[in-house]
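> Here it is, the structure in full.
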Amino acid sequence: MSIGKLSTGPTVLFLASLLIGLIISSMTSGLLAQSVIGTGDATDSVLVEVPGVAPATSLVAEEHKYDNGNSIDLYWVPSIDDQPEGGLVRAYHLYRSDNEAEATKIAELLPGANQYRDETVTPDNKYVYHIIAISDGASAKSIKTAPISPHREWLNYDKKYLFLIALIISAAVIFFVETAKRGKKLFIRKIAGLEAIDDAVGRATEMGRPILFIPGILDMDDVQTLAGLTILGRISRVIADYDCKIYAPVSRSLVMTAARETIKASYQAAGRPDAYSDDMVTYMTDEQFGYVAAVDGVMVRERPATVFLLGAFFAESLILAETGNSVGAIQIAGTARPAQLPFFIAACDFTLIGEELFAASAYLSGEPMQLGSLKGQDIGKAIAMVVIVAGVFAITIGEAWDVGFMHDLVRWLSDIFSTK
Amino acid sequence: MEHLGLWVAAFLTLGIYSFLYRDNPWYKLSEAIFIGISAGYWVVTLFWDNFYGKFWVGHGEDPWLWVGAVLGFLMLLRLVPKIGWISRWPLSFIVGATAGLWMMNYFSSNIMLQVKDTIMPLFGSGYTASAYDIVGNIVVAVGTFSGLVYFFFSKEHKGAFGATAKVGIWFIMITFGASFGYTVMSRMSLLIGRMDFLFSDWLGLIK
Amino acid sequence: MKRQVPLLITLFVGTLLIFSVFIPPMENIGENFTLFFDIIAVFAFFLGGGNLVRVHISKLRRRKKDYGYSIITLVGFFFMLIVGLFKIGNPGGIAASVTAEGSIFQTTFTTVLIPLQSTMYALLAFFVASASYRAFRAKNREATLLLVAAFIILLGRTPFGMMLTSWVPDSFSVLQVPNLAIWIMNSPNLAGQRAIIIGIGLGVVSMSLRLILGVERTYLGEDRG
């Protein structure tokens, strides 16, 4: 089955489900807003006065919005005897009665507390709360809240804008992938570090020395490792063509497995499956600096002509890059950790900065569809830039002349981009 | 016993430092010990924390954990050449999960939050900012904008666009310089820490 | 089967996790997947650890150069495995935590691993120095900017920076090195960070979509080239 045929199905499925989700979320928003929420006004007043200390007042129980029906928020005004200095209140004890059963203590809180989130409730059960202020030898019970039942919600309406923007940017990426598939030529500018790969591999071939590939120190559950491996796929294809030696010492067992699969496939694609060997990838140790000690040893003993450092790196970035430099290797590095990028810039010949790391595989593939996804990414950048310019302009003007609609625009924008 | 431990620690410390001179048997010995002991340490920790602590203790209460165990088992089928291809299933599971999980995480923390934080009044609330702050605010807005221009892939860096991208890379370089300068001091203190161990804990020269 | 199933698994799992963000009953699914991952990683260790043992035994068998060090690695590995898995010498016996104080496992960790780790880490002091030296010789404008910013921040964090510019009158206090360092951190540095971070976010989104939709599949051992 060709890739063209296969990807249409998932694409349509993906977009369709995003769209349906959006429609449902906008339709139900009104409903959700109305169903908020059996707020427990303090009507049930069984006030027990114990001399010596005053109770907490205005206890209110509210369902926590848009969740799985498993939390209730409680708010109250602390007892007037709860003072930072010389106050009588030593603690608050929070009680809950489930479905009209005897109330039991669910929490003990320090003086000064005025809210609590009860995350131990079950959807659709009925709960009544009260709170007792405790002092030395005396206590005071607050009035009870009205019964409240938390409900399970199926959509988190708070995240509607996150959904909308994710939809727009995903759609842009998918749109350009599809456009490219139909044969429209898309322009992508040159990325220096990636243009240098062929030369770097060629150099290793000429010198008869190996190429070292380091996919970072994190496991397969990090996106940077995935990015590193996708680039490994492209590079090892070139290496297979040049008939040069590649060696990838890794620090995670799963990365070892994935790297082997990746290199093997590239060798197969190059028509040289016999040249592949599992020994191209070996596991060293999971320990960060143990791995560094091992890789440093490999570098000084094997003297690779080219070193690739592509993935997630921490403090070891500079140790590896400087050692590579000292053996005279051409080094191409890339990571999404801003704190480590300066060290790669100082010690390596080419550095892929953040986004370039994730774009590299698509760029190297040269396939129109992959390049299309880079174009989609640019739409995201354009949106971010427009919002920044419009937002800064509106808020600056709005502050200066107190223009009403500018305030509205700013409020609207920050509402959209706030992530709850 | 404590004395022996101190000498072992000092021996290994000097062994690693000897690498700065050149590769040598002392470093090779320290490296071999490092690899063997640390790999063993990780298996044991993974076994007790993840397998025993998370799966063995929890699988009765949470039968879903069997999914992890089954996927883990499928991974081992690599060792059987004929059905080794099944191990791609857990691998693709991990890739799908990582991609899906991080995509939304990065979406809110890297894109939405940063864009929102950049929207601020250049002259402060109600024109109260000092000249110093105003310059700072303008620099942040211009720098973020031009930095994004630098990362644009689908347009050649030429003309006004290229000039803006150039400004963008300047900002990015200043950022790198700042992190570089910021880190140098803390790296030096690491060295001081090791010297303190050698001269005070081990040799007792500094009290 | 061999080609389609993995792609479908990635598509399904990826899509599920994207949507779980918006659906409260599914909000814990990400945590569950992390748990699955931890369990899979333990199984995978049979492959990694197995590879380590195999590589060193084969060096030993073939009497390759430096095979003596392979013996040490193997001894160290199995030593930790045995004292750790069977909790040998653990004062609390098999029921105690493997890292209990006084156990052979924990003692080895503190006397052998800790000094090795911290010394390897401390090598950075030397490498930072050599990298700075190289940066000093850089000739283009970008490298100069990097260097100047690094220099100001570095000075700003030392008393020397204060001394150097204490003569600057207070009305121009911005130009005193420590203040300048703060300004660089808060303004141009922040701007550069933001651009990088937003770019990374978009890069991750786009790559994730490529993986989930099966456009990018090199990792699966399926290159169609």
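The values are calculated or read from the model by the stated rules, or taken from the named source; none is laboratory data. Everything numeric here is computed off the predicted structure, so don't read it as measured data. Positions of Cβ are backbone-derived with ideal geometry, glycine not excepted, and every protein chain shown enters the neighbour counts. The protein model used for the area step is the full one, side chains on, heavy atoms only, and it has no ligands, DNA or RNA in it. Shrake-Rupley method; radii C 1.70, N 1.55, O 1.52, S 1.80 Å.
> Looking at this structure, is B:A141 open to solvent by 10 Å² or more (accessible area, probe 1.4 Å), within 30 Å of A:L164 (Cα to Cα), touching a helix residue (DSSP H, G or I) at 6+ places or on another chain (Cβ under 7 Å) and among the small types (G, A, S)?
The answer is yes for B:A141.
> Among what's in region A:146-198 and is free of Cβ contacts under 8 Å to residues at least 40 places away in the same chain and either under 23 Å from A:I353 (Cα atoms) or of a type in the set (S, T, N, Q) (or both), pick the residue that is most open to solvent (accessible area, probe 1.4 Å).
Filtering region A:146-198 for residues that are free of Cβ contacts under 8 Å to residues at least 40 places away in the same chain and either under 23 Å from A:I353 (Cα atoms) or of a type in the set (S, T, N, Q) (or both), the one most open to solvent (accessible area, probe 1.4 Å) comes out as A:K190.
> Ok, one more. Please verify whether region B:38-45 includes one or more residues that are more than 7 Å from every other protein chain (Cβ to nearest Cβ) and free of Cβ contacts under 8 Å to residues at least 24 places away in the same chain. Let's see the steps before the verdict.
Looking only at region B:38-45, we keep the residues that are more than 7 Å from every other protein chain (Cβ to nearest Cβ), and these are B:45.
Subset that is free of Cβ contacts under 8 Å to residues at least 24 places away in the same chain: B:45.
Yes, there is a match, as at least one residue in region B:38-45 is more than 7 Å from every other protein chain (Cβ to nearest Cβ) and free of Cβ contacts under 8 Å to residues at least 24 places away in the same chain.
> Given A:G328, A:G366, A:G404, A:G311, which one is over 22 Å from the mean Cα position of the chain (by Cα) and under 30 Å from C:G214 (Cα atoms)?
So the residue among A:G328, A:G366, A:G404, A:G311 that is over 22 Å from the mean Cα position of the chain (by Cα) and under 30 Å from C:G214 (Cα atoms) is A:G366.
> Could you list, in sequence order, all residues of region B:88-120 that are open to solvent by less than 20 Å² (accessible area, probe 1.4 Å) and either more than 9 Å from chain C (Cβ to nearest Cβ) or closer than 16 Å to A:V389 by Cα (or both)?
Passing the criteria: B:I111, B:M112, B:V115, B:T118.
> Kindly provide the set of residues from region A:162-203 that are in contact with a Lys or Arg (Cβ under 7 Å, 6 or more places away or on another chain) and within 12 Å of chain C (Cβ to nearest Cβ), ordered by number.
The one that is in contact with a Lys or Arg (Cβ under 7 Å, 6 or more places away or on another chain) and within 12 Å of chain C (Cβ to nearest Cβ): A:F176.
> Return only the number of the condition from (1) in contact with a Lys or Arg (Cβ under 6 Å, 6 or more places away or on another chain); (2) touching a residue at least 24 places away in the same chain (Cβ under 8 Å); (3) not hydroxyl-bearing (S, T, Y) that B:F171 does not satisfy.
B:F171 satisfies all of (1) in contact with a Lys or Arg (Cβ under 6 Å, 6 or more places away or on another chain); (2) touching a residue at least 24 places away in the same chain (Cβ under 8 Å); (3) not hydroxyl-bearing (S, T, Y) except (1).
> Please specify each residue of region B:74-87 satisfying the condition of being among the aliphatic types (A, V, I, L, M) and either in contact (Cβ under 8 Å) with a residue 40 or more places away in the chain or at the interface with another protein chain (Cβ under 7 Å from one of its Cβ atoms) (or both).
B:M75, B:L76
> In addition: In this structure, does C:I153 turn out to be part of a helix (DSSP H, G or I) and at pLDDT below 95?
Judged against the criteria, C:I153 is a match.
> For region A:398-420, give me each residue that is of a type in the set (A, V, I, L, M, F, W, C) and more than 9 Å from every other protein chain (Cβ to nearest Cβ).
A:W401, A:V403, A:F405, A:M406, A:L409, A:W412
> Then there is this: Enumerate the pairs (first residue in region A:377-393 and closer than 13 Å to C:I198 by Cα; second residue anywhere and outside any helix (DSSP H, G or I) and open to solvent by less than 20 Å² (accessible area, probe 1.4 Å)) with beta-carbon separation below 6 Å, excluding pairs fewer than 6 apart on the same chain, so at least 6 apart or on different chains.
Every condition considered, the pairs that remain are A:D378/B:F153.
> Would a scan of region C:31-45 turn up a residue that is open to solvent by less than 50 Å² (accessible area, probe 1.4 Å), within 9 Å of chain B (Cβ to nearest Cβ), closer than 30 Å to A:R152 by Cα and assigned to a loop (DSSP other than H, G, I, E, B)?
no
> A:A315: closer than 21 Å to C:H56 by Cα and of a type outside the set (D, E), yes or no?
no
To keep it simple, each residue is scored yes or no on (1) surrounded by 24 or more Cβ atoms within 10 Å (Cβ to Cβ); (2) over 24 Å from the mean Cα position of the chain (by Cα).
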position	(1), (2)
C:L175	no, yes
C:P178	no, yes
C:S187	no, yes
C:A191	yes, yes
C:I196	yes, no
C:G201	yes, no
C:V205	yes, no
C:I212	yes, yes
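> When you go through (1) farther than 27 Å from B:G143 by Cα; (2) facing chain B (nearest Cβ under 7 Å) one by one for C:G199, which number turns out not to apply?
Looking at each condition in turn, C:G199 falls short on (1).
> Right, here's the next one. Within region B:59-72, how many residues are over 29 Å from the mean Cα position of the chain (by Cα) and outside any loop (DSSP other than H, G, I, E, B)? Let's see the steps before the verdict.
From region B:59-72, those over 29 Å from the mean Cα position of the chain (by Cα) are B:59-64, B:66, B:70; that's our starting set.
Checking the rest, the ones that are also outside any loop (DSSP other than H, G, I, E, B) come to B:66, B:70.
Total meeting the criteria: 2.
> Continuing with this model, one more query. For the subset of region C:1-14 comprising residues that are within 7 Å of chain B (Cβ to nearest Cβ) and either among the hydroxyl-bearing types (S, T, Y) or not in a helix (DSSP H, G or I) (or both), which member is nearest to the chain's Cα centre (by Cα)?
It comes out as C:T10.
> Could you grab the pairs with beta carbons closer than 8 Å, sequence gap of 6+ or different chains, first residue in region C:164-185 and in the same structural domain as C:L154 (by TED's automatic domain parsing), second one among the aromatic types (F, W, Y)?
Between residues of region C:164-185 that are in the same structural domain as C:L154 (by TED's automatic domain parsing) and residues that are among the aromatic types (F, W, Y), the close pairs are C:V174/B:Y132; C:V174/C:W183; C:W183/B:Y132; C:M185/B:Y182.
> Now for a different question. Give region A:146-158 a look and list any residue that's more than 14 Å from chain C (Cβ to nearest Cβ) and either closer than 21 Å to A:Y66 by Cβ or at pLDDT below 90 (or both), or say none.
A:I148, A:S149
> So, in region B:11-28, how many residues would count as being open to solvent by 30 Å² or more (accessible area, probe 1.4 Å), within 13 Å of C:I72 (Cβ to Cβ) and facing chain C (nearest Cβ under 9 Å)?
Of the residues in that region, 2 qualify.
> Go through the residues of region C:98-108 one by one and say whether even a single one is more than 9 Å from every other protein chain (Cβ to nearest Cβ), hydroxyl-bearing (S, T, Y) and under 26 Å from A:Q288 (Cβ atoms).
yes
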